[in-house]
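Engineer: This is the structure I have questions about; it appears just below.
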Amino acid sequence: MTSAARIALIAAILFVSGCKMIGSEEFTGPRPPVPESSRPGPINTAGRSATGVDREGEPTTTETAAVTPDIAALLEIPELELTPEPRSRGGNRSEYEQWGETYRVLDTSEGYDERGVASWYGEPFHGRQTSSGETYDMYELTAAHRTLPLPSYVEVTNLANGRSVVLRVTDRGPFHDPDRRIIDVSYTAALKLGMVGAGTAAVRVRALEPYQTRVGR
């Protein structure tokens, strides 16, 4: 083998090895989070909801250097203050369709109280646009819901361990297994609820004041 051929072979091996290190084929679980000082920048994926049609796929993400997650600091993030807000310009149509199903947005969050399954979403959607038009941040206390007005405030309680967290609903979803799952929560919310490892949990979701006024038609 000539010197040029050897160089070409070595370069090809290094390229393939590098792809395996950062690729998604061999990744089977959520990647570890990064602390505030090392958060990844926004992912350049325009125009899609964080919980939209790409949820079951493998979206491209921005890789960052491996760091030790500061879980203790995330668990100490204070509870949200309930603040009256205008409805978001996005995500509040009276009805919308997703994966062949039609969903009707509630006129108000007042009185909403439901039990079901919660799931959580993290890094692959970090930095993507939510249905409300805001940018999804996996480290904030937010959630996705199919029918509550955006934004709304809810208290989510893990029925297995009694842990609760107040979240601001900013996105639509979950659309996978909609007969069971009623809410998708952020990574930090999942940490506080003690459901990161399991991925899902039986929960109670209860709307909190300030309640939303009627959705404009």
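Engineer: Distance between the C-alpha centers of region 105-131 and region 175-214? Whole Å please.
Structural biologist: Region 105-131 and region 175-214 have Cα centres spaced 6 Å from each other.
Engineer: Now for a separate question. What are the residues whose amide H is under 5 Å from the amide H of Thr142, where those residues sit 5 or more places off or on another chain and H is modelled from the backbone?
Structural biologist: Arg168, Ser186, Ala189
Engineer: Translational diffusion coefficient of region 121-175 at 20 °C, 1.002 mPa s, Stokes-Einstein with Kirkwood Rh over Cα pairs, in µm²/s as a whole number. Before the final figure, lay out each step's value.
Structural biologist: Details: Rh = 11.7 Å.
Stokes-Einstein gives a translational diffusion coefficient of 183 µm²/s.
Engineer: Could I ask something else about it? Based on other C-beta atoms within 10 Å, arrange His145, His176 from fewest to most.
Structural biologist: In order of increasing Cβ crowding within 10 Å: His176, His145.
Engineer: Where the eigenvalues come from the Cα gyration tensor of region 111-217, what are the semi-axes √(5λ) of the equivalent ellipsoid, largest first, in whole Å?
Structural biologist: In descending order the semi-axes read 19, 17, 12 Å.
Engineer: What is the set of long-range amide H partners of Leu150 at a cut-off below 5 Å, with H atoms built 1.01 Å from backbone N?
Structural biologist: Ser88
Engineer: Which order do Trp99, Trp120 fall in if you start with the one that has the fewest other Cβ atoms within 10 Å?
Structural biologist: By the 10 Å Cβ count, ascending, the order reads Trp99, Trp120.
Engineer: Return the sequence-ordered ³J(HN,Hα) values of region 141-146 in whole Hz as given by the Karplus equation 6.51 cos²θ - 1.76 cosθ + 1.60 applied to θ = phi - 60°, using x for Gly and Pro.
Structural biologist: With coefficients 6.51, -1.76 and 1.60, one gets 8, 10, 7, 10, 9, 6 Hz.
Engineer: What is the magnitude of the charge dipole of region 110-217 about its Cα centre, with +1 placed on the Cβ of each Lys and Arg, -1 on the Cβ of each Asp and Glu, and no other charges, expressed in debye to the nearest 20?
Structural biologist: On the way: 13 positive and 13 negative charges, 39 e Å.
The calculation lands at about 180 debye.
Engineer: Each label point is 7 Å from the Cα along the Cα-to-Cβ direction; what then is the distance between the points at Ala202 and Val117, in nm?
Structural biologist: Distance between label points: 1.2 nm.
Computed from the coordinates by the stated procedures, all read-outs in this text should not be read as laboratory data. The shown structure was predicted, so the numbers you read here are calculated from the model rather than taken from an experiment. Virtual Cβ from ideal backbone geometry, glycine too; neighbours counted across all protein chains shown.
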